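Trainee: Input: one structure, supplied below.
Nothing in this text is a laboratory measurement; each read-out follows from the coordinates by a stated rule. If you're wondering where the values come from, they're calculated on a predicted model, not measured in any experiment. No Cβ is skipped: glycine too gets one built from the backbone with ideal geometry, and neighbour counts run over all protein chains shown.
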Amino acid sequence: MDRLPERVTTPRLVLRRWRHDEAGVLHSIVTANLEHLRPWMPWIMHEPLTIPERVRLIEDWTQGWEQGGDAYLGVFLDGEAIGSAGYHNRVGPDAVEIGYWIDQRHVRQGYATELTAALTTAAFELDHLDRVQVHTDEANEPSGGVPARLGFRLDRIETREPQAPGESGRLMIWTTTRNTWRPPANELPPPG
């Protein structure tokens, strides 16, 4: 069984699976970003979780990953958590979706673009994956700029009920394939 990558590094970041002993760290960064994330992240409606609930959540993530499921990754800059990202197995057997969010104090510094490029490259190191997607709501222009900057193709726009308060209900499906993916030539993608 090919598990999704559990650790990926970039010139500035370490992306690795959350550990249950980091529940307090995850709790702190999520609660500090509740209003920043509320417009775009449907899961935020269940926040804030208690520390024991967050420990169980991370343990569920770990068990799922061990069984070949999604990978939930902390985004660390110089050892400090500045966001979270993940690989999600919900777009077909030969594909994976990448999701991400960055702490409000660290946005517009190129971290989301940098981590998405690295996660895409790492995904294509797995033989069974031929396609990577990023899904963004049309109203969330900063998030949609990430796959656009990296050369993902806007595959389609799907109309759906908004899942979070800031959403327009127009889900943009960005796609790249093993054959079309071109990692950024420079070490660091442009900020944005």
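Trainee: Summing +1 for each Lys or Arg and -1 for each Asp or Glu, what net charge is found among the other residues whose Cβ lies under 12 Å from the Cβ of V146?
Mentor: With Lys, Arg at +1 and Asp, Glu at -1, the neighbours total 0.
Trainee: Looking at the range 18-60, what % of the alpha carbon pairs are farther apart than 14 Å?
Mentor: Within the range 18-60, distances greater than 14 Å cover 44 percent of Cα pairs.
Trainee: Where the centre of each part is set by its Cα atoms, how far does the range 98-165 sit from the range 40-59, in angstrom?
Mentor: Spelled out, the Cα-based centre of one part sits 22 Å from the other.
Trainee: Taking the range 112-163 on its own, what percent of its Cα-Cα pair distances exceed 12 Å?
Mentor: Tail of the P(r) past 12 Å holds 67 percent of the pairs.
Trainee: Follow-up. Find which of P11, P165, H27 sits farthest along the positive direction of the dipole of the chain, computed with +1 on the beta-carbon of Lys and Arg, -1 on that of Asp and Glu, about the Cα centre.
Mentor: P11
Trainee: Assuming 0.36 nm per residue, please report the length gained on full extension of the stretch D60 to R108 beyond their Cα-Cα distance.
Mentor: Stretched fully, the D60-R108 segment lengthens by 14.1 nm.
Trainee: List, in order, the whole-Hz ³J(HN,Hα) value for each residue of the range 42-55 obtained from phi through the Karplus relation with A = 6.51, B = -1.76, C = 1.60 and θ = phi - 60°; use x for Gly and Pro.
Mentor: x, 5, 5, 5, 8, 9, x, 7, 7, 4, x, 5, 5, 4
Trainee: Rg to Rh ratio, the range 28-122, alpha-carbon atoms and Kirkwood radius?
Mentor: 0.95
Trainee: May I pose another question? How large is ³J(HN,Hα) for each residue in the range 60-75, as worked out from phi by the Karplus curve 6.51 cos²θ - 1.76 cosθ + 1.60 (θ = phi - 60°), to whole Hz, x for Gly and Pro?
Mentor: My calculation for the range 60-75 gives 5, 4, 4, 4, x, 5, 4, 8, x, x, 4, 10, 9, 10, x, 10 Hz in order.
Trainee: Ranked highest first by the average count of other Cβ atoms within 10 Å around their residues, in what order do 152-163, 23-34 fall?
Mentor: Ranking the peptides 152-163, 23-34 by packing returns 23-34, 152-163.
Trainee: Take the chain, compute every pairwise Cα distance, and split them into 10 Å bins from 0; I just need the percent in each bin.
Mentor: 9, 37, 40, 14, 0
Trainee: In debye, nearest 20: dipole of the chain around its Cα centre with unit charges on the Cβ of K, R (+) and D, E (-)?
Mentor: 380 debye
Trainee: Also: Sum up the charges of everything whose Cβ sits under 10 Å from the Cβ of H88, counting Lys and Arg as +1 and Asp and Glu as -1, but leave H88 out.
Mentor: Summing Lys and Arg as +1 and Asp and Glu as -1 gives -1.
Trainee: Please list, in order along the range 129-138, the HN-Hα scalar couplings obtained from phi with the Karplus expression 6.51 cos²θ - 1.76 cosθ + 1.60 (θ = phi - 60°), rounded to whole Hz, x for Gly and Pro.
Mentor: Running phi through 6.51 cos²θ - 1.76 cosθ + 1.60 with θ = phi - 60° gives 9, 10, 8, 10, 10, 10, 10, 9, 6, 4 Hz.
Trainee: Subtract the Cα-Cα distance of T9 and D94 from 0.36 nm times their separation in residues, and report this length gain in nm to one decimal.
Mentor: 28.3 nm
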